[in-house]
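Below is one structure, written out as structure tokens; the observations come after it.
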Amino acid sequence: MDVPAAGCRHGLARALDGLPNQILGGSSFNSIIYLNSGVPLNSPSGTGDIYFNQRIDLACNPAKGAPHTAAEGFNYTCFSQPRSYFVPGTEAAFLFSVRSEGGRDLDLSLFKDLRFSEKKKLQLQVSSYNVANYVQLGAPSIFWSPSPTQANMAGFGQITSDLNTPRQFQFAARFTF
């Protein structure tokens, strides 16, 4: 037996009669999910000479064996000063093996309409941003010193900032008449 579509809606409305309809009726839920895998970092550049600023030499994979933490994003010992100001360094423009940390974000919002008459309505709104309170770390520092000793390179590869905001909530009410 075929049931007309209007009968289905009537059945659903009947299921939401009374208290469940007052609680769930007139509600809407929205979400935004943001996922990012990170981007390659710029190569360190600089020879210490203002006339011959160029990329440096790369001897190994700076991502291999690095702990990938805020204190050490990659291994600085893979880089070295070019042999000559007149010979370009071996590193490409980007460190393709080293990427910035990816991002994850979940934003949610809930709207509830309360009708007092055909023309009067109160809309309650709750919006939340970065619900999981995930911290997305910034890019590691890639400055280069012409004399790469451990003391000179103390901040090289360290992450000292974050890119997103902490969890936030926003509440609003709108009355239309």
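Taken together, the values in this text are just the output of simple stated rules run on the coordinates, not laboratory data. Keep in mind that this is a model prediction, so the values were computed, not measured. Every residue, glycine as well, gets a Cβ built from its backbone with ideal geometry; the counts of neighbours run over all protein chains shown.
Brief remarks follow.
- Cα gyration tensor, the stretch 67-131 - rounded (a/c under 1.5), prolate or oblate: prolate
- Of the trypsin sites (Lys or Arg not before Pro) found in the stretch 97-177, the ones in coil according to DSSP and having at most 16 other Cβ atoms within 10 Å of their Cβ are Lys119, Lys120, Arg167.
- Other residues with beta-carbon under 10 Å from the beta-carbon of Ser27 carry, at +1 per Lys or Arg and -1 per Asp or Glu, a net charge of 0.
- Alpha-carbon spread of the stretch 71-177, three principal axes, descending order, Å: 82, 25, 18
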